[in-house]
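Heads up: the structure comes next, in structure tokens.
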Amino acid sequence: MALYSEKVMDHFKNPRNVGTIEDASGVGTVGNAKCGDIMKIYLKIEDNIIVDVKFETFGCGSAIASSSMATVMIKGKSVDEALELSNKAVAEALDGLPKHKMHCSLLAEEAIKAAVKDYYDKAGIEYDHEMFKDLGEHDEDED
Ligand code: FES
């Protein structure tokens with residue numbers, strides 16, 4: 001069996017929603033201390049709906065494929081639905097990732113959360129800080 005699914009290869013070679021949004025409602029940047037990869041997500045939000053989303057990922061192929069798939073999955077969805085997107089769901093949508101590459105999909109989940117938090121902060125929307133408490137706190141052992 002190939003290490004990477006066709007979907008992973010497709011989203012790696014033809015990533016969707018690459019780029020930036022100049023007047024983004026929220027921008028989230030996260031990194032993985034272990035591999036040094038960085039992901040940045042831009043959200044354009046209108047009436048609680050993600051009307052546009054773009055990403056820039058300086059990272060491995062799995063991180064690029066995960067960001068691409070994650071942006072496809074949240075575009076047109078509500079902010080709450082985007083917050084519920086888990087890295088497992090992203091990996092499943094890609095027909096799986098090798099176990100040692102699951103942390104790459106976690107970057108996508110976290111970058112979205114960080115972008116939503118930025119949106120809440122900028123728009124002055126109240127939120128439970130507990131929701132974002134784990135962002136960016138990954139130790140060296142994480143896989
Ligand atoms: Fe770092 Fe994939 S190896 S995100």
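Values in this text are rule-based calculations from the coordinates and carry no lab data. Computed from a predicted structure; not experimentally measured. As a convention, Cβ positions derive from the backbone with ideal geometry for all residues, glycine included, and neighbour counts pool all protein chains shown.
Compared with the rule-of-thumb size 2.2 N^0.38 Å for a compact globular protein, the chain has a Cα radius of gyration ratio of 0.98.
Name the helices (complete DSSP H segments) of the chain with a Cα length along the long axis of 24 Å or more and a Kyte-Doolittle mean of at least -1.0, or state none.
Working: long enough: 102-123 (32 Å, -0.12).
Answer set is 102-123.
Loop-located GluC sites (Glu not before Pro) across the range 56-143 with a Cβ neighbour count of 13 or fewer within 10 Å are 126, 137, 140, 142, with loop assigned by DSSP.
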